[in-house]
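Engineer: Pasting a structure below so you can have a look.
The values are calculated or read from the model by the stated rules, or taken from the named source; none is laboratory data. Here the structure is a predicted model, which is why all the values come from computation and not from measurement. For neighbour counting, all protein chains shown are included, and Cβ atoms are generated from backbone atoms with ideal geometry for every residue, glycine included. All accessible areas refer to the heavy atoms of the entire protein, side chains included, with ligands and DNA or RNA removed. Shrake-Rupley method; radii C 1.70, N 1.55, O 1.52, S 1.80 Å.
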Amino acid sequence: MTVQYSELIQPERVHGSLYTDPSIFAEELERIWYRTWVCVGHVSEVARPGDYVRKNVAAQDVIMTRSADGEVGLLLNRCAHRGNLVCEDRRGNSSSFRCPYHGWTYRNTGELLGYPYNQGYGGKNKLELGLGRVPRVDIYQGFVFASFAAEGPTLKEHLGAAAGELDRLARLSPEGEVELTAGWLRHRAKANWKLLVENETDGYHPQFVHGSVFSVTGSPIGALYSDKSTAVTRDLGGGHSENDLRPEFRRAARPMGWFGTSEARVPDYVAKMRALHGEQAEEILIEGAPHVMVFPNLFIAEISVFTIQPTAVDETVQNVTAVQLKGAPEMNRRLLSQCVGSVGPAGMLLADDSEMYERNQRGMAARRPEWLDIRRGVGRERIDENGFRIGAANDETGMRGFWAHYRGLMEEGAAQ
Amino acid sequence: MDQWIIASEFAEVAVSLDTDANGPRLRVEDLRGGRVRYLDALELESVVWLSDERVRELLDPSAGRWSDRPADG
Ligand code: FES
Ligand SMILES: [Fe+2]
């Protein structure tokens, strides 16, 4: 029986089975994870020819490589002979990969270089086999995206308005480039991937879930999500959404205020930014970094970058790393330590959130009531000057945008 | 004797400068296979200038250790 997504996804509520039904999960892999654009990593992770890192697109084990001529490519980690994993380490440097099972050897572009005792195959160069390649790879602001569909919207089309948020992150670097070179932590949550996505721009929960952290650290973040806040939640279209805190940051008008630090602590950085941007530097430094969820799996929370990887209907791995700004060593040290403190292994924010996704998943095992409510702020949404739907900072506007896009993808060309 | 280990998940070699002969040479030992090869300055220079195509041929497993023909080295 085909799932009727239009019944399960309604404007103000979504059905619990969307998070628990394995057949829906299987369909999501085909219709979302192996069809649209998914963020895999960043070019700075493979800075030099021969560099490689292992990545995932849902269950697909992917190797991101940089070839001798500098090209970034995505290979599937599966030997063309008998399907063994060609590469085991998380990262390394090698121009070629040798499968441990029977020694077949491949260039890091996927080309088969040879196989032991080649007479069994009639000699050299007799096999037209190579490693699988992800059909489409594209890069935006250094972020590497993969699409398993040979055709479809371009990355630019997929990103739409979310591209501007990646620009906003990159422009914080005195060299205009982000680097994701701090290494990734991998957190496993026993929860459906969509709970993580929804949580990323849910401005309703921080004061409750993170209340203890805010109170010990004296953080002003909680207030940004109060009913008095002028910050907004914006549906950027395409399933992307953001918490736009700029109205509050502009009101405070403190350079680096978004980062909880002051000019005095990062003088070289501020000087470089002023030299580069002139008067516009103030605006850039006041507005800071985005808090954006790029459908379906890239989340940037000001100082941290997350990629979400679904592994089962009720299990998700969340990869996290600190934003590093090229040419800004002072900032980078602070970005790293703040990131570790908030979302590292003992990080307080991520621990809080993980507990919530997992409780959600467990709660949903109970069969009644069947629906999850996403109506918060429906009555007070408005359209901003650029035509985007916005709600208060603690409204569920982003979730509604996510579900509208999700529904479109899940129904598109579906067998009737 | 300073020795460097250059290793990846695919291979592991020990590299050192050998000065026992009349002139210096590079000693390269395959730590998994146990075999040692010495490379003199001219050989090393030639490696630097090898075309990518030739290096690619060297990487073919049937080119040496796992050849159907008796090894030539
Ligand atoms: S499975 Fe890789 S060489 Fe046989
Ligand atoms: Fe949170």
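Engineer: Can you list residues from other chains, or at least 5 along the same chain, whose modelled amide H is less than 5 Å from the amide H of A:Ala191?
Structural biologist: A:Glu315, A:Thr316
Engineer: Keeping the other protein chains in place, figure out the carbon and sulfur percent of the accessible area of region A:1-129, with a 1.4 Å probe.
Structural biologist: About 46 percent, which is the carbon plus sulfur part of the accessible surface.
Engineer: Turning to a different aspect of this structure: So if I place +1 on the C-beta of Lys and Arg and -1 on the C-beta of Asp and Glu, and nothing else carries charge, what would the dipole magnitude of region A:1-86 be about its Cα centre? I want it in debye, nearest 20.
Structural biologist: That gives a dipole near 340 debye.
Engineer: Using θ = phi - 60° and the Karplus curve 6.51 cos²θ - 1.76 cosθ + 1.60, what whole-Hz ³J(HN,Hα) does each residue of region A:101-106 get, with Gly and Pro shown as x?
Structural biologist: 6, 10, x, 4, 10, 10
Engineer: If you don't mind, there's one more thing I want to ask. Springs between alpha-carbon atoms under 10 Å, Gaussian network over chain A: tell me which of A:Gln361, A:Gln280, A:Gln309 tops the mean-square fluctuations.
Structural biologist: Of A:Gln361, A:Gln280, A:Gln309, the Gaussian network model singles out A:Gln280 as fluctuating most.
Engineer: Tilt of helix A:329-343 relative to the longest C-alpha principal axis of chain A, in degrees (0 to 90, nearest 10)?
Structural biologist: It works out to around 90 degrees.
Engineer: Also, quick follow-up: If you build a Gaussian network model of chain A, linking Cα atoms that sit under 10 Å apart, which residue out of A:Gly110, A:Gly83, A:Gly341 swings the most?
Structural biologist: It is A:Gly83.
Engineer: Sequence-distant or interchain residues sharing an amide H contact under 5 Å with A:Tyr140, placed H: which?
Structural biologist: Counting only residues 5 or more places away or on other chains, the set is A:Phe145.
Engineer: Dipole size in debye (nearest 20) for chain B around its Cα centre, Lys and Arg Cβ +1, Asp and Glu Cβ -1?
Structural biologist: Taking the Cα centre of chain B as origin, the dipole is about 160 debye.
Engineer: What is region A:332-391 by shape, rounded, prolate or oblate, if you read a ≥ b ≥ c off the alpha carbon gyration tensor as root eigenvalues and call it rounded for a/c under 1.5, prolate for a/b larger than b/c, and oblate otherwise?
Structural biologist: It is oblate, given that a/c is not under 1.5 and a/b is not larger than b/c.
Engineer: Still on this structure: Which one of A:Asn332, A:Asn394, A:Asn118 has the biggest mean-square fluctuation once chain A is modelled by GNM with Cα springs under 10 Å?
Structural biologist: Maximum fluctuation in the GNM of chain A, among the listed residues, is at A:Asn118.
Engineer: State the answer as a single residue: which of A:Gly408, A:Val72, A:Asn199 lies farthest towards the positive end of the charge dipole of chain A, with beta carbon charges of +1 for Lys and Arg and -1 for Asp and Glu, about the Cα centre.
Structural biologist: With unit charges placed on the Cβ atoms, the residue in question is A:Val72.
Engineer: What Kirkwood hydrodynamic radius, in Å, does chain B give when the mean of 1/r is taken over all pairs of distinct Cα atoms and then inverted?
Structural biologist: One over the average 1/r among Cα pairs gives 13.8 Å for chain B.
Engineer: Unpartnered cysteines of the protein assembly as shown (Cβ-Cβ under 4.7 Å counts as a partner)?
Structural biologist: A:Cys39, A:Cys87, A:Cys339
Engineer: Which far-off residues, 5 or more places away or on another chain, put their amide H under 5 Å from the one on A:Ser304, with H placed in the peptide plane?
Structural biologist: A:Val323
Engineer: Separate question: Using +1 at the C-beta of Lys and Arg and -1 at the C-beta of Asp and Glu, which of B:Ser46, B:Asn22, B:Ser62 has the Cα lying farthest in the positive direction of the dipole of chain B?
Structural biologist: Ranked along the dipole, the leading option is B:Ser62.
Engineer: For the Cα atoms of chain A, what angle does the longest principal axis make with the long axis of helix A:348-363, in degrees from 0 to 90, nearest 10?
Structural biologist: 80
Engineer: When the solvent-accessible surface of protein heavy atoms is calculated with a 1.4 angstrom probe, in what order do A:Asp138, A:Asp244 fall, highest first?
Structural biologist: Correct descending sequence by accessible area is A:Asp138, A:Asp244.
Engineer: Okay, next question. Give me the mean projected area, in nm² to one decimal, of the convex hull enclosing the Cα positions of region A:268-407.
Structural biologist: 11.4
Engineer: Can I ask one more? Rounded to the nearest 10 Å², what accessible area does A:Asp51 show when all protein chains are kept and the probe is 1.4 Å?
Structural biologist: Rounded to the nearest 10, the figure is 30 Å².
Engineer: OK, next. Please list, in order, the residues from region A:1-45 whose amide nitrogen is less than 15 Å from a point placed 7 Å along the Cα→Cβ vector of A:Val378.
Structural biologist: Of the residues in region A:1-45, A:7-15 have backbone N under 15 Å from the label point off A:Val378.
Engineer: If each DSSP helix of 4+ residues adds -39,500 (n - 2.57) and the sum is divided by the residues in the protein assembly as shown, what number results at 222 nm, nearest 500 deg cm²/dmol?
Structural biologist: About -7500 deg cm²/dmol.
Engineer: Enter the Cα centre distance for the pair region A:117-145 and region A:224-241, rounded to the nearest angstrom.
Structural biologist: Each part reduced to its Cα centre gives a spacing of 43 Å.
Engineer: Next question, about the same structure. Top to bottom by accessible area (1.4 Å), largest first, where do A:Phe388, B:Phe10 land?
Structural biologist: A:Phe388, B:Phe10
Engineer: Size of the dipole of the protein assembly as shown about the Cα centre, Lys and Arg at +1 and Asp and Glu at -1 on the beta carbon, nothing else charged, in debye to 20?
Structural biologist: Dipole of the protein assembly as shown, to the nearest 20 debye: 560 debye.
Engineer: In whole Å, how far is the Cα centre of region A:338-416 from that of region A:267-305?
Structural biologist: 24
Engineer: Taking 0.36 nm per residue of sequence separation and subtracting the Cα-Cα distance, how much length would be gained by fully extending the chain between B:Gln3 and B:Leu17, in nm to one decimal?
Structural biologist: 4.3 nm
Engineer: When only C-alpha pairs under 8 Å and at least 6 residues apart count, what is the relative contact order of chain B, in percent?
Structural biologist: That works out to 16 percent.
Engineer: OK, next. Please report how far the C-alpha centroid of region A:169-200 lies from that of region A:35-104, rounded to the nearest whole angstrom.
Structural biologist: 20
Engineer: Let me ask another. Please say if chain A is rounded, prolate or oblate, where rounded means a/c under 1.5 for a ≥ b ≥ c the square roots of the C-alpha gyration tensor eigenvalues, and otherwise the choice is prolate for a/b larger than b/c and oblate otherwise?
Structural biologist: oblate
Engineer: Just going by the charge dipole of region A:164-283, with Lys and Arg at +1 and Asp and Glu at -1 on Cβ, which of A:Ser226, A:Thr181, A:Met273 is farthest out on the positive end?
Structural biologist: So the residue furthest toward the plus end is A:Ser226.
Engineer: Roughly what angle does helix A:267-277 make with the longest principal axis of chain A, taking Cα atoms, 0 to 90 degrees, to the nearest 10?
Structural biologist: Relative to chain A, helix A:267-277 is tipped by roughly 80 degrees.
Engineer: Would you tell me the accessible area of B:Tyr38, worked out with a 1.4 angstrom probe on the heavy atoms of the protein chains, in Å² to the nearest 10?
Structural biologist: Using a 1.4 Å probe on the heavy atoms, I get roughly 90 Å².
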